[in-house]
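Visitor: My structure is below; once you've seen it, I'll send some questions.
Derivation of every value follows stated rules applied to the coordinates shown; laboratory data play no part. Quick caveat: nothing in here was measured; it's all calculated off a predicted structure. Note that each Cβ is placed from the backbone with ideal geometry, even for glycine, and that neighbours are counted across all protein chains shown.
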């Protein structure tokens, strides 16, 4: 089978879909050239992600990785959410085909973009190296 049962489950029954209207942090990554656009909204209480929602325009893998990423950071402190890696998302989904790994990178970047937005809105100092953006989508062309 090309996709694991977990990938198919998160694609068919995505968790945390939608948008938080009064979000404390918003992150959007991807572009039309890639074909995948992910938007994450966060509600943060005392440094803990109390709620997270996503909207994704993209393939099944993009939806599944967005869904899993929200599950992995919900209820976690911001410092722990910042440690989320695309590899952790892939492992939690029991793998992805190599040509779909860029979806997990976008999920990681969407989480980080939303946290960066929260820090920026609240004047919280941070290490800019935590929020590197690859800046291109060459790997997203497949």
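Visitor: Is any residue of region 15-54 close enough, with backbone N under 13 Å, to a label point placed 7 angstrom from the Cα of residue 124 along the Cα-Cβ axis, and if so, which?
Guide: Under cut-off, by backbone N: 24-26, 42-51.
Visitor: What do you get for the angle between helix 60-73 and the principal long axis of the chain? Use alpha-carbon atoms, 0 to 90 degrees, nearest ten.
Guide: 40 degrees
Visitor: Under a point spin-label approximation (7 Å from Cα along Cα-to-Cβ), what is the residue 6-residue 50 distance to one decimal in nm?
Guide: Once both label points are built, they end up 2.9 nm from each other.
Visitor: For the chain, what is the Kirkwood hydrodynamic radius in Å, using each pair of distinct C-alpha atoms?
Guide: 14.8 Å
Visitor: What's the ranking of 50-62, 104-116, 2-14 by average number of surrounding C-beta atoms within 10 Å, highest first?
Guide: Packing proxy ranking, top to bottom: 104-116, 50-62, 2-14.
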